[in-house]
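The values are calculated or read from the model by the stated rules, or taken from the named source; none is laboratory data. Note that this is a predicted model, so its numbers are computed, not measured. So basically every Cβ, Gly included, is an ideal-geometry build from the backbone, and we count neighbours across all protein chains shown. Side chains are part of the model used for accessible areas, which takes the heavy atoms of the whole protein and leaves out ligands, DNA and RNA. Shrake-Rupley method; radii C 1.70, N 1.55, O 1.52, S 1.80 Å.
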Protein chains: 4
Amino acid sequence: MPEQQFASDNYAGICPEAWAAMAAANAGHAPAYGADSWTQAAADGFRRLFETSCEVFFVFNGTAANSLALASLCQSYHSVICADSAHIETDECGAPEFFSNGSKLLALPTADGKLTPEAVRAIAERRSDIHFPKPKAVTITQATETGRVYRPEEIGRLAETCRALGLHLHMDGARFANACAALDASPADVTWRAGVDVLCFGGTKNGMAIGEAVIFFDTALAEDFGYRCKQAGQLASKMRYLSAPWVGMLEDGAWLRHARHANACARRLADAIVGVPGVSLAAPVEANGVFLNLSAAVQERLRMRGWHFYGFIGGAARFMFAWDSDPARVDALARDIRLCALPAAA
Amino acid sequence: MPEQQFASDNYAGICPEAWAAMAAANAGHAPAYGADSWTQAAADGFRRLFETSCEVFFVFNGTAANSLALASLCQSYHSVICADSAHIETDECGAPEFFSNGSKLLALPTADGKLTPEAVRAIAERRSDIHFPKPKAVTITQATETGRVYRPEEIGRLAETCRALGLHLHMDGARFANACAALDASPADVTWRAGVDVLCFGGTKNGMAIGEAVIFFDTALAEDFGYRCKQAGQLASKMRYLSAPWVGMLEDGAWLRHARHANACARRLADAIVGVPGVSLAAPVEANGVFLNLSAAVQERLRMRGWHFYGFIGGAARFMFAWDSDPARVDALARDIRLCALPAAA
Amino acid sequence: MPEQQFASDNYAGICPEAWAAMAAANAGHAPAYGADSWTQAAADGFRRLFETSCEVFFVFNGTAANSLALASLCQSYHSVICADSAHIETDECGAPEFFSNGSKLLALPTADGKLTPEAVRAIAERRSDIHFPKPKAVTITQATETGRVYRPEEIGRLAETCRALGLHLHMDGARFANACAALDASPADVTWRAGVDVLCFGGTKNGMAIGEAVIFFDTALAEDFGYRCKQAGQLASKMRYLSAPWVGMLEDGAWLRHARHANACARRLADAIVGVPGVSLAAPVEANGVFLNLSAAVQERLRMRGWHFYGFIGGAARFMFAWDSDPARVDALARDIRLCALPAAA
Amino acid sequence: MPEQQFASDNYAGICPEAWAAMAAANAGHAPAYGADSWTQAAADGFRRLFETSCEVFFVFNGTAANSLALASLCQSYHSVICADSAHIETDECGAPEFFSNGSKLLALPTADGKLTPEAVRAIAERRSDIHFPKPKAVTITQATETGRVYRPEEIGRLAETCRALGLHLHMDGARFANACAALDASPADVTWRAGVDVLCFGGTKNGMAIGEAVIFFDTALAEDFGYRCKQAGQLASKMRYLSAPWVGMLEDGAWLRHARHANACARRLADAIVGVPGVSLAAPVEANGVFLNLSAAVQERLRMRGWHFYGFIGGAARFMFAWDSDPARVDALARDIRLCALPAAA
């Protein structure tokens, strides 16, 4: 792939800060399974970032991070409320059900991938008999699969509803950095101060090779979570290679800088196609994705010019930007969209 | 940890060949989830190494590799025959039972961690009623947890027994490289030519940051295994960082070179303590571990001199060597053992 | 409850034929776990009834029967296509996901609870990537939760589609007897001759105390199913009390006679309310249920007159009839509906 | 089987008291899923019997009762301490691991099937790292599989150890009635007063067709247990047929009377073979089983005379007695043992 594509933000490689930390961690020997100093430093880094004494665990990927976190919030006969566009519902091959041994996902239709207190309450109160799995957790994706972000006050209202209904609140933060960048809000304000119990903070899409952090703000929920990770094949023996990159990302704010860059590239594309006939935003651009309404013909012409992208919810074309997206290449994409959308192009 | 310890072979870092391949893989973008060229190259590399068209999957760690492989060989109401010193029985926190949703491990006492055809047959034929989980797979560890290796003809006889009893044969190869080095045998001879159905080839202990390869020689058993990995949180989005290191390890024989070095260090220690009064080998040294009978007092004195090691099966002290173990440091350990064992030392 | 209600067909007790067989089975001792003569006789009775050498297993209830049967058709990373009104989706508290360790249900909206070949094909072909659980089975309910029945040719077309797509076909026959009675078709024609692989034949709603039969027409799918039942807590030690009632039900056709009676009661109610203003059938009456569109006010008045019933899909009132429903009481219900629906009643 | 055998106590049928209650319960209709008056009465009956406000659930069999109870005491990454002769370890086909999604059983060798505080403490404290499932529950069988009973003070000491170690205490009471009869102790004294958290009280071996009661003395542990039963296929729709027999058994003390009779038959056999050369008790007779050391030749001769029995732990021959065992037939067995043991018989 000689030229950058924007099909997914996990096509990008390892950012310099993560790489440098891995290189530093690679000097000599270190105790295994997280008893090394890098892991301690990364966990402390998160506690500083979130301004609270949270419990932090490092696992390999987002599938596991979210599934393990949700499994720790419910039993097999409970259920988890999510948006029907949530990644755990659409793209995890039944992982949440597997890790929890059967917890059902109650997937709600939403306008923009964002749950509302009203929708949560309605589904939570719809059934209360033992023939239907009892709702026990709500999961929200920040930013959502369509690039929207929950504002702190929206999260706060959701959390209030959850508390009233006896539900835990989980945040899938595969693109949490992008959400923080979009909101220009502190990580604490977007999470525990708003009422989030557990956050899965994604490192992979933020510029790491692998690795996500599961962060329990309600530390009682973290009881024995280390055992859970181990049993589920998510305890790295050479843990420092999962944790050191986080040290690199956190210590000079690279995590936020990279997210801002990715978001800016999305904004750049969105701005560049304003006014192109027949092309419109399928969703407001808030984070690092652009969802465009493009006719099938335009999509076909774009593909013929060498562009890769996913058709997405409702037929929109998805373009995702990463920490290393090249603005010149974004401009090239914008030019090609403009070109392909020309009536003459037909 | 300023000086090398030999408490575990996963204290070592990433070897130069794996590191260089990761660096090379880090140039630019690549498709996710294994559709990249590195993953293709690594799988092809394994097929060349094993001289057969096996199916290859890359997962994060050994816990998952072995558990997923075993889960693919049996249903929840089946059982898996293993040695009672097998890592899956003693140190995986119930992972095989979790991934398989309940398959019971039938752990057999063994002299040296090695199963015999007779022992396998005896346990497999002990029960045939539906009140006990039906044996469906046998797993052997190569090299074993106490540093012993199965010779190809031993594996062949086990495989013959397995076939006769309708059992699949799985090999936990967390230290497969060390076994190949010890035997000076081709990987094919130690596996499929001897009758092994599935091998988990360990990369972590061999010099990688993370990553194990699950290799199906009986390719029919690999059906839908990709789905299994995905659902169980073992599909890396940036797969190239799991696979590229294998390319580096395989292309110039680094995997075998490193294993030979580790084995040689073990041999070096074993040779150096011959004749030390009160010190003896708890097991013959065949791979990269040395198990020493040391009195509690000697162990205590060694620890006071700064050495870390695990007490192991039957009270022996375990020393493990890695791709980067420093022979001078091995010699230092030998000297200290000799010193601590002196009657005067008391 | 001094007077019969029609809220559910599992409010009824044990029919005389089942009771007599239990009494007969209660004479003296018998080997446990299905090695008794009653269990043999019941299995043989099913083979005669279905005119084929099927494999038959007796389990405690429908939750388990359907969940175990489906679990035997797929792995945890597979999915099962069903109607969104299917009992396994709406009223089993996640049992199918639990028994299968995570198989996702793909619940399709339907007009009448009946799947069509087109809908099955569309969902089965919608995704083919490993990020979504691979469809492996289709389940249909005969009769459906809204009292509709699949005709043999409808089942045949579904089965053809299933075969073409590599899907197994399962039938939830909690009210299979009612469906056979409604269709006046042989059990063989409605099942294996039409392409059904596995049937769960419900005994409880047909007049037994407990007990369902899982019948594999594709006997290869029954491999080790006995172990599966045992592990899942569904192997009765005193099996004769699960199987003998079936002997009683099958030997003189009681199963069909009772189903016909229940269906006739449903028809009797439906006929009796024809022309009542403001009252209409929410679904055609084919089996033993009547679903009535009744205004909230009419429902309230009925309840005040002492009638129990469930509000159901779309607000309809459900009335279910059993083997012992009293026609006089059906008539009383009809009279009260007529009365409550009178404008003057307001 | 024209003549009584003593191979198992589940060869017996339904006792008159249970049968009569089922007959009474069979009059007319009743609400489903436990909302009927019989189920209420049975639960109240248990509360009276145990002199405490325990939570009571009715499930189909002992496999499920014990597995569900244990699953409610631990997570998948926890472990359960049991005797290596415990039924859950030897004869449940992996059910506890299945229901708990992987909790490992830590099976301890014992002299007589009885755990001791010392053994529990030793295994519970042997490992405390996350590579081994954390012990969370202890299960004891009352009476044990070899017919021994725990005295209240023995249970009390075990419970004290459990509390000190943070372990829940579960009692498998498949033959709880026989234990109470043997001890002549009140059910309360043998359970919650001694520190038992959860009891599975067996009805099947006590004279019922099916059905066990799961009784939570620590009612906090019963949270959402009804959902757990439902999801696991253990909620009977016509619940009255599971609960009414308990009413019959409890209301006039039939449960204890039957157990006493069975115990007396065991004692009768034991007394009758005193002094027979070459025949000895393999275990003291405390409950309803007799375990005899018989030479292979004697066993063979007994079988040739038409007697059925299981060879058991250590080669002993097991004879089990039930509520309806015929003393004359016990005497006949004793005579035949005496006869077969005669040197002349060879």
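The set of residues from the stretch C:8-20 being open to solvent by 10 Å² or more (accessible area, probe 1.4 Å) and closer than 20 Å to C:Glu251 by Cβ comprises C:Pro16, C:Glu17, C:Trp19, C:Ala20.
One residue is enough: does the stretch B:24-34 have a residue meeting the conditions part of a helix (DSSP H, G or I), touching a residue at least 24 places away in the same chain (Cβ under 8 Å), touching a helix residue (DSSP H, G or I) at 6+ places or on another chain (Cβ under 8 Å) and not polar (S, T, N, Q)? Yes, the stretch B:24-34 contains a residue that is part of a helix (DSSP H, G or I), touching a residue at least 24 places away in the same chain (Cβ under 8 Å), touching a helix residue (DSSP H, G or I) at 6+ places or on another chain (Cβ under 8 Å) and not polar (S, T, N, Q). Looking across the stretch B:27-38, the residues that are touching a Gly at 6+ places or on another chain (Cβ under 9 Å) and surrounded by fewer than 18 Cβ atoms within 10 Å (Cβ to Cβ) come down to B:Ala27, B:Gly28. Annotation note: of C:Val279, C:Val285, C:Val290, the sole residue that is closer than 15 Å to C:Ala7 by Cα and touching a residue at least 60 places away in the same chain (Cβ under 8 Å) is C:Val290.
Counting residues in the stretch C:179-190 that are in a loop (DSSP other than H, G, I, E, B) and closer than 14 Å to C:Thr141 by Cα gives zero. Of all residues in the stretch D:324-345, exactly one satisfies the criterion of being part of a loop (DSSP other than H, G, I, E, B), closer than 23 Å to D:Tyr11 by Cα and open to solvent by 50 Å² or more (accessible area, probe 1.4 Å), namely D:Asp326.
Scanning the stretch A:73-95 for residues that are of a type outside the set (D, E, K, R), more than 8 Å from every other protein chain (Cβ to nearest Cβ) and within 16 Å of the chain's Cα centre (by Cα) yields a count of 6.
Residue-by-condition table, conditions (1) hydrophobic (A, V, I, L, M, F, W, C); (2) under 23 Å from D:Leu235 (Cα atoms); (3) open to solvent by less than 10 Å² (accessible area, probe 1.4 Å):
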residue: C:Arg48; (1), (2), (3): no, no, no
residue: C:Cys54; (1), (2), (3): yes, no, yes
residue: C:Ser67; (1), (2), (3): no, yes, yes
residue: C:Ala71; (1), (2), (3): yes, yes, yes
residue: C:Ser100; (1), (2), (3): no, yes, no
residue: C:Ala119; (1), (2), (3): yes, no, no
residue: C:Arg126; (1), (2), (3): no, no, no
residue: C:Ile130; (1), (2), (3): yes, no, no
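Look at (1) surrounded by fewer than 24 Cβ atoms within 10 Å (Cβ to Cβ); (2) on the phi > 0 side of the Ramachandran plot and you find that D:His87 fails only one, number (2).
Given the structure, is B:Cys93 touching a His at 6+ places or on another chain (Cβ under 6 Å), surrounded by 24 or more Cβ atoms within 10 Å (Cβ to Cβ) and either small (Gly, Ala, Ser) or in the same structural domain as B:Asp189 (by TED's automatic domain parsing) (or both)? Taking the combined requirement at face value, the residue satisfies it. Among residues of the stretch C:161-195 being within 11 Å of the chain's Cα centre (by Cα) and among the charged types (D, E, K, R), the one that is farthest from C:Glu286 (Cα to Cα) is C:Asp172. There is no residue in the stretch C:7-28 that is at the interface with chain D (Cβ under 9 Å from one of its Cβ atoms), of a type in the set (Asp, Glu) and over 15 Å from C:Glu212 (Cβ atoms). With respect to C:Gly62, determine if the residue is in contact with a Pro (Cβ under 7 Å, 6 or more places away or on another chain), surrounded by 24 or more Cβ atoms within 10 Å (Cβ to Cβ) and either within 12 Å of chain D (Cβ to nearest Cβ) or not polar (S, T, N, Q) (or both). No; evaluated as a whole, the condition is false for this residue. Quick check on my filter: what residues within the stretch A:6-41 are among the small types (Gly, Ala, Ser) and within 20 Å of A:Asn178 (Cβ to Cβ)? Correct list: A:Ala7, A:Ser8, A:Ala12, A:Gly13, A:Ala18. From the list C:Asp36, C:Asp44, the one residue that fits, being of a type in the set (D, E, K, R), under 30 Å from D:Gln5 (Cα atoms) and more than 14 Å from chain D (Cβ to nearest Cβ), is C:Asp44.
Residue pairs whose Cβ atoms lie under 8 Å apart, sitting 6 or more positions apart in sequence or on different chains, and linking a residue in the stretch B:167-180 that is assigned by TED's automatic domain parsing to the domain that holds B:Lys205 to a partner that is modelled with pLDDT under 95, are B:Arg175/B:Asp9.
Condition (residue is in contact with a strand residue (DSSP E or B) (Cβ under 8 Å, 6 or more places away or on another chain), buried (at least 24 other Cβ atoms within 10 Å of the Cβ) and either within 12 Å of chain B (Cβ to nearest Cβ) or closer than 29 Å to C:Asn101 by Cα (or both)) applied to the stretch A:185-197: is it met by at least one residue? Within the stretch A:185-197 (the criterion being in contact with a strand residue (DSSP E or B) (Cβ under 8 Å, 6 or more places away or on another chain), buried (at least 24 other Cβ atoms within 10 Å of the Cβ) and either within 12 Å of chain B (Cβ to nearest Cβ) or closer than 29 Å to C:Asn101 by Cα (or both)), the answer is yes, since at least one residue qualifies.
Of everything in the stretch B:132-147 that's without any contact (Cβ under 8 Å) to a residue 60 or more places away in the chain and touching a His at 6+ places or on another chain (Cβ under 9 Å), which residue is farthest from the other protein chains (Cβ to nearest Cβ)? It comes out as B:Ile140.
Only one entry in D:Leu106, D:Leu115 is more than 12 Å from chain B (Cβ to nearest Cβ), of a type in the set (A, V, I, L, M, F, W, C) and open to solvent by less than 40 Å² (accessible area, probe 1.4 Å), namely D:Leu115. For the stretch D:160-173, check the following and say yes or no: at least one residue is touching a Pro at 6+ places or on another chain (Cβ under 7 Å) and open to solvent by less than 30 Å² (accessible area, probe 1.4 Å). Yes, the stretch D:160-173 contains at least one residue that is touching a Pro at 6+ places or on another chain (Cβ under 7 Å) and open to solvent by less than 30 Å² (accessible area, probe 1.4 Å).
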